[in-house]
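Heads up: the structure comes next, in structure tokens.
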Amino acid sequence: MKRTLLASSVLALSMNCFAATVEVLHYWTSESESAALNLLKQALAAKGDTWQDFTVKGGGGESAYSVLQTRMIAGNPPTAALMEGKFIQEWSALGFLSSPYTKEQTETWDRVLPPLIRQITQYHGEYVAVPVNNHRINWLWINPKPFKSLNLPIPTTWDEFFAVADKLKAAGYIPLAHGGQAWQDATLFENILLGLEGGQFYRDVFEKLDSKAITSDRMIRVLQRFRQLHDDIDPKSAGRPWHESAELLYNGKAAMMIMGDWAKGELMQMGAVPGKDFLCVATPGTEGYFIYGTDSFAILQQNGNSTAVEAQRHLADVLMDPDFQRRFNQLKGSIPVRNDIDMSTFDVCAQKAARVFKAAEKSDRLLPSMAHSMAADVQTKEVFFRVLNDFFTHPNQTPEQAVMQLNAALMAVKG
């Protein structure tokens, strides 16, 4: 008995030696985001670590990055930070991120992560961030009740979308649930641009920043249609958080919503069932495409703090665990980044997203989201945000003025 007690005491002591406080900066505050994050907190607690929230509100994360930069410059980094796409490369170039993982960890990741995800989370061939999910951005969420009551078809083209929207509005519904924030406006824009002009034009505008494409008649037409969307949202949309728009869709006040599949996670938290209480279809004209946005936890340089480094490895083990990936993404609304997860226990929308992702990988139809930091650096994204938001909310500005303003600002950023 004494030996058993002694052994237990030694084991507890050895576990406590590696226990650490894991401080993570994030901006996940909605019901579904909080539920997914709580799962992470519980998994870390099982390893003996203590979670410390470093929450900065703001759905797009812009405020969070500003706060994080202040912390890093002051030499007081958190353990990790929620980070998207191009931000990971930029912060790595500044020397703020590190790669403390073991060889065993990274060899496993190399086997189970798609090439796209490895590219996003590596810098000079080393992992500096741990990916946790993969969101499809080009979803049109449908509350089927208004469509059934008015006998309306689900739109597959933008002409059909606007025709349906007019009938919904005449019947007293909000055609499109939307929050008037710059990142949400940009999300609408990249969807309508892809749906109207296709993948190559999408790449020309958002990846190549091609002046000919940006100032073309095609871009003028996209902006005209983009402006038309403003007539299909309600007057109270200005500044509305995305999860409140999802609630409008859930309660039937709104009939449609264009948003990444975190909206599905929120709807499910409200009790809605995918495929029954709401439908998931590609935004008009984008069937077969997958505009992607991946959330990762960037690992911050700890200046030789071995306890903090051990905690970072614990965090990575949890985030990449297959069972955690399954449960986390079922709550978040996304699909796992690991390609060896059985999708049979996921909802119908997630299963469709997984199929589209695999097919899009093979057909060059995976497209990085501009609105969610996958396609462009910080300065470039901010230009798109500012110009598109100004155009969308100021009806006196013409599309011709907007493209000239956009092109001039992007040329200045390119130097």
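The values are calculated or read from the model by the stated rules, or taken from the named source; none is laboratory data. Since we're looking at a predicted model, the values are computed, not measured. Because the Cβ atoms are built from the backbone with ideal geometry, glycine has one as well, and the counts that use them run over all protein chains shown. Heads up: the accessible areas ignore ligands, DNA and RNA and are worked out on the full protein's heavy atoms, side chains in. Shrake-Rupley method; radii C 1.70, N 1.55, O 1.52, S 1.80 Å.
Some points to look at:
- Boolean, GLY285 is small (Gly, Ala, Ser), open to solvent by 30 Å² or more (accessible area, probe 1.4 Å) and either under 16 Å from VAL130 (Cβ atoms) or in contact with a Phe, Trp or Tyr (Cβ under 7 Å, 6 or more places away or on another chain) (or both): yes
- Options SER92, SER8: the member that is at pLDDT below 85, in a helix (DSSP H, G or I) and farther than 19 Å from VAL318 by Cα: SER8
- One residue alone among GLU84, GLU104, GLU160 is over 26 Å from the mean Cα position of the chain (by Cα), modelled with pLDDT under 95 and either under 20 Å from PHE297 (Cβ atoms) or assigned by the TED database to the domain that holds VAL222 (or both), and that residue is GLU104.
- Taking the conditions (1) open to solvent by less than 10 Å² (accessible area, probe 1.4 Å); (2) within 19 Å of TRP262 (Cβ to Cβ) in turn, THR121 satisfies each one other than (2).
Yes/no matrix, rows are residues, columns are (1) under 17 Å from LEU37 (Cβ atoms); (2) surrounded by 22 or more Cβ atoms within 10 Å (Cβ to Cβ):
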| site | (1), (2) |
| --- | --- |
| ALA311 | yes, yes |
| LEU315 | yes, yes |
| ASP321 | yes, no |
| GLY333 | yes, yes |
| ASP340 | no, no |
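- Among the residues listed as ARG386, ARG327, ARG355, the single one being assigned by the TED database to the domain that holds GLN42 and more than 22 Å from THR283 (Cα to Cα): ARG327
- ARG225 vs. criteria farther than 19 Å from PHE290 by Cα and either part of a loop (DSSP other than H, G, I, E, B) or among the hydroxyl-bearing types (Ser, Thr, Tyr) (or both): no
- Note on the range 101-110: among residues that are touching a residue at least 24 places away in the same chain (Cβ under 8 Å) and either of a type in the set (Gly, Ala, Ser) or surrounded by fewer than 20 Cβ atoms within 10 Å (Cβ to Cβ) (or both), the one that is farthest from GLY293 (Cα to Cα) is THR102.
- Scan of the range 136-188 for residues that are farther than 21 Å from HIS243 by Cβ, open to solvent by 30 Å² or more (accessible area, probe 1.4 Å), in contact (Cβ under 8 Å) with a residue 60 or more places away in the chain and not aliphatic (A, V, I, L, M), ordered by number: THR156, THR157, GLU160, LYS169
- Residues of the range 230-246 that are surrounded by 16 or more Cβ atoms within 10 Å (Cβ to Cβ) and without any contact (Cβ under 8 Å) to a residue 60 or more places away in the chain: ILE233, SER237.
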